[in-house]
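One structure is given here, and the rest of the page talks about it.
The values are calculated or read from the model by the stated rules, or taken from the named source; none is laboratory data. Given the structure is predicted, the values throughout are model-derived calculations rather than measurements. Cβ coordinates were reconstructed from backbone atoms using ideal geometry, including for glycine residues, and neighbour counts include every protein chain displayed. Surface accessibility is based on the protein's heavy atoms, side chains included, excluding ligands, DNA and RNA. Shrake-Rupley method; radii C 1.70, N 1.55, O 1.52, S 1.80 Å.
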Amino acid sequence: MNARVFKPEAYLIEQQPYYEPISSEIELFEAAYHNQLPLLLKGPTGCGKTRFMEHMAWRLQRPLITVSCHDDLTASDLVGRFLVSGGDTVWVDGPLARAVRHGGICYLDEIVEARKDTTVVIHPLADDRRVLPIEKLGEILVSPAEFCLAMSYNPGYQSVLKDLKQSTRQRFVALEFDYPSPNLEAKIIGNETQIDAAVADKLVKFAHMTRHLKGNGLEEGASTRLLVHAAKLIVSGVNPNLACRSAIAQALTDDSEMLLAINELSVSLF
Ligand code: ADP
């Protein structure tokens, strides 16, 4: 495949992604989008931020370009670079430049993981200039009205090294995410996996027990994502205690005493 050919229609989401709103996040996102304001999705891992972005991209019928940020991610990875192809040197847009050119939604997942030089390219896009300077091309891309910049951030992992600077965070409209209420979480698990309602309720109870351990030996409690994983195993016939151990406990910790404690919690329920 020719790396230069980018098909924005391939990034359109045709089928409605299932999403249960937790509060007014859909209305807030739409209002921010129509006012061309960038968005910051704050919340723990596995609580529905990515699913929400898919749902919003479908609602607004815009291509969704997602970048999972990591500590090697540089500004050039986002903007683009010259590549040698068959003896020629060609410019290849990065995901951010593609989203700007084609009026897409660019979702930078876990932005604090990216290298600090990425803020240089995000800042002029995230204020009322809405431009992406491409220094290597001597070009300044002006965002069309349809372009949207969104990024996610987990305040739970906050540290001096991995925190969002005020100069960055103060450009964004923040949407707060958290685990859904118990009834809603059980409904989501049921919808995602067709698991029996009584078992879904027990999984949610189990999740709450692990969430109480946050800060007492666990960095995070079980997320909705992990509950969906365990429910899928149970629907496939796996014993619930084994499903909780493999899909939830082992995903949360490697500490053998903590694993024993979490397994006891699941045995008390199932
Ligand atoms: P995050 O991006 O916050 O890490 P995800 O969006 O990947 O989390 O959510 C993980 C999974 O949890 C989703 O794939 C979906 O199955 C489920 N989920 C969480 N919240 C919701 C929600 N509000 N509506 C529908 N599904 C949800």
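Within segment 175-185, how many residues turn out to be within 11 Å of the ligand (Cβ to nearest atom) and open to solvent by less than 20 Å² (accessible area, probe 1.4 Å)?
First, the residues of segment 175-185 that are within 11 Å of the ligand (Cβ to nearest atom): 177-181, 184-185.
Retained after the next criterion (residues that are open to solvent by less than 20 Å² (accessible area, probe 1.4 Å)): 177, 180, 185.
Residues that pass the stated criteria total 3.
Is it the case, given these coordinates, that Thr66 is touching a strand residue (DSSP E or B) at 6+ places or on another chain (Cβ under 7 Å), hydroxyl-bearing (Ser, Thr, Tyr) and either free of Cβ contacts under 8 Å to residues at least 40 places away in the same chain or within 10 Å of the ligand (Cβ to nearest atom) (or both)? Break it down stepwise before answering.
On the way: touching a strand residue (DSSP E or B) at 6+ places or on another chain (Cβ under 7 Å): yes; hydroxyl-bearing (Ser, Thr, Tyr): yes; either free of Cβ contacts under 8 Å to residues at least 40 places away in the same chain or within 10 Å of the ligand (Cβ to nearest atom) (or both): yes.
Yes.
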Determine if segment 254-264 includes at least one residue that is touching a Cys at 6+ places or on another chain (Cβ under 6 Å), over 30 Å from Leu125 (Cβ atoms) and modelled with pLDDT of 95 or more.
no
Taking into account only those residues within segment 136-155 that are open to solvent by 50 Å² or more (accessible area, probe 1.4 Å) and in contact (Cβ under 8 Å) with a residue 12 or more places away in the chain, which is nearest to Val120 (Cα to Cα)?
Lys136
Is there a residue in segment 35-51 that is outside any helix (DSSP H, G or I), of a type in the set (A, V, I, L, M) and at pLDDT below 95?
no
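From the list Arg98, Arg81, exactly one residue is of a type in the set (D, E, K, R), touching a residue at least 40 places away in the same chain (Cβ under 8 Å) and assigned to a strand (DSSP E or B). Which is it? Don't jump to the end; show me each part of the working.
Numbers: Arg98 fails: assigned to a strand (DSSP E or B).
Answer to the check: Arg81.
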Among the candidates Thr119, Thr168, Thr89, which residue alone is of a type in the set (Ser, Thr, Tyr) and either over 21 Å from the mean Cα position of the chain (by Cα) or assigned to a strand (DSSP E or B) (or both)?
Thr89
Given the conditions (1) at positive phi; (2) within 16 Å of the ligand (Cβ to nearest atom), which single one is not true for Arg130?
(2)
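Could you tell me which of the residues Thr210, Thr224 is closer than 22 Å to Phe29 by Cα and either touching an Asp or Glu at 6+ places or on another chain (Cβ under 9 Å) or surrounded by fewer than 22 Cβ atoms within 10 Å (Cβ to Cβ) (or both)?
Values: Thr210 fails: closer than 22 Å to Phe29 by Cα.
None of the others qualify; the one that does is Thr224.
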Would you point out the residue of segment 16-30, among those that are more than 6 Å from the ligand (Cβ to nearest atom) and among the acidic types (Asp, Glu), that is least open to solvent (accessible area, probe 1.4 Å)?
Glu25
Please specify each residue of segment 208-240 satisfying the condition of being in contact (Cβ under 8 Å) with a residue 40 or more places away in the chain, under 20 Å from Ser256 (Cα atoms), within 15 Å of the ligand (Cβ to nearest atom) and among the hydrophobic types (A, V, I, L, M, F, W, C).
Leu226
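Could you tell me whether segment 6-15 includes any residue that is open to solvent by 70 Å² or more (accessible area, probe 1.4 Å) and over 20 Å from His102 (Cβ atoms)? Let's see the steps before the verdict.
Step one: filter segment 6-15 for residues open to solvent by 70 Å² or more (accessible area, probe 1.4 Å), giving 7, 9-11, 14-15.
Then keep just the ones that are over 20 Å from His102 (Cβ atoms); that gives 15.
Within segment 6-15, one or more residues are open to solvent by 70 Å² or more (accessible area, probe 1.4 Å) and over 20 Å from His102 (Cβ atoms).
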Could you list, in sequence order, all residues of segment 31-54 that are within 13 Å of the ligand (Cβ to nearest atom) and open to solvent by 40 Å² or more (accessible area, probe 1.4 Å)?
Lys42, Thr45, Thr50, Arg51, Glu54
Residue check: is Ile188 within 9 Å of the ligand (Cβ to nearest atom), hydrophobic (A, V, I, L, M, F, W, C) and either modelled with pLDDT of 95 or more or open to solvent by 70 Å² or more (accessible area, probe 1.4 Å) (or both)?
yes
Applying the selection to segment 205-246, what residues are of a type in the set (A, V, I, L, M), in a helix (DSSP H, G or I) and under 21 Å from Ser181 (Cα atoms)?
Ala207, Met209, Leu226, Leu227, Val228, Ala230, Ala231
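Assess whether Asp201 counts as being part of a loop (DSSP other than H, G, I, E, B) and open to solvent by 50 Å² or more (accessible area, probe 1.4 Å).
No, not satisfied.
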